[in-house]
Structure formats: structure tokens, C-alpha cells
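Report on the structure given below.
The values are calculated or read from the model by the stated rules, or taken from the named source; none is laboratory data. Just so it is clear, the model here is predicted, and its values are computed rather than measured. Glycine also receives a Cβ, built like all others from the backbone with ideal geometry; neighbour counts cover every protein chain displayed.
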Amino acid sequence: MNLVAERAGYVLNPDLAELEGGFVDRGDELCQVINPSQKELLASVGESGLIAYRKAAKSGTPVAVRLKGGTSFSVTPTALQPRARLRLPHPTLAATARGPLPVEIVSDDRADVQALQPQLQGDSDGSV
């Protein structure tokens, strides 16, 4: 079967290869097609990166971001939300999902995790 998107962009789905040979139901989301000029970067900032992040946000200077796999782009960070949280802003940030943040499992459901250290959250529009 050939899938065709309604618009130009990039396919976003880290597990797309896992769908091959499987079955899906009508209406299941298989992937997302994103417009590269309309990205948003969600950052989870630990205590060790707090001072550097705040300086970058205050100065309004774009900073370089490098993702797993080597993709790089620059963003202008915004002020952090004023509350630290153990709850992750997105499950893919957890080390159990191959993300960068160490977590602990908090229930019998292995997907129910929380960060080992409180994280502050900031976001920014990204420009490649």
C-alpha cells in the first residue's frame, strides 16, 4: 500500500519501521507530516544546565541544538516555567524510551515513570 500525505514536509515517527508487516485499524495515526518551518523545541532543563539556559534565554541569542542522529539547528530559548517537576513533558524524554533523562518506574506499568531529578521546562520556536 502506498501512503500519500496531503501536504509537503517531513515524516515524523521514530517507530515507522515497526509498522511494516503489521495491521492497523481505520483512523490509526501512522505518522505525522511536519512543516520544518513550524517546529517547536521542548527543553527539559536539569539543575546542571540551569544557569547556562537562563543566560541564553535572557540574552535572546540563538543557541545551537544537536539531536540524536546528528541533526543540528539553532533556536532562541524562552524563559523557563517557574516550577520544577518530576513528571516528564513527553514520554520520549525518558531513558526507558531511549531518551536522555534518567527516570524511575513509579507503578506496575513500565510506561509510568518520573524523572530522578526535578526538571524545569522551556520551549522555543526552532529555525533550521
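Does segment 53-67 hold any residues that are in contact with a strand residue (DSSP E or B) (Cβ under 9 Å, 6 or more places away or on another chain) and either within 20 Å of Gln114 (Cα to Cα) or of a type outside the set (Lys, Arg) (or both), and which are they?
Listed by number, the residues that qualify are Tyr53, Ala56, Ala57, Pro62, Val63, Ala64, Val65, Leu67.
Among the residues of segment 95-128, count how many are at pLDDT below 75, more than 17 Å from the chain's Cα centre (by Cα) and under 17 Å from Arg85 (Cα atoms).
Total satisfying the criteria: 0.
Taking segment 13-24 as the region of interest, how many residues are loosely packed, with under 11 Cβ neighbours inside 10 Å, under 22 Å from Pro91 (Cα atoms) and of a type outside the set (Asp, Glu)?
Total satisfying the criteria: 1.
When you scan segment 25-35, do you find a residue that is more than 22 Å from Pro91 (Cα to Cα), touching a Phe, Trp or Tyr at 6+ places or on another chain (Cβ under 9 Å) and surrounded by 10 or more Cβ atoms within 10 Å (Cβ to Cβ), even just one?
Yes.
Yes/no per residue for (1) over 19 Å from Gln121 (Cα atoms); (2) of a type outside the set (Val, Ile, Thr); (3) touching a helix residue (DSSP H, G or I) at 6+ places or on another chain (Cβ under 9 Å):
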site: Val4; (1), (2), (3): yes, no, no
site: Glu29; (1), (2), (3): yes, yes, no
site: Ser44; (1), (2), (3): no, yes, yes
site: Leu67; (1), (2), (3): no, yes, no
site: Ser72; (1), (2), (3): yes, yes, no
site: Pro82; (1), (2), (3): no, yes, no
site: Arg85; (1), (2), (3): no, yes, no
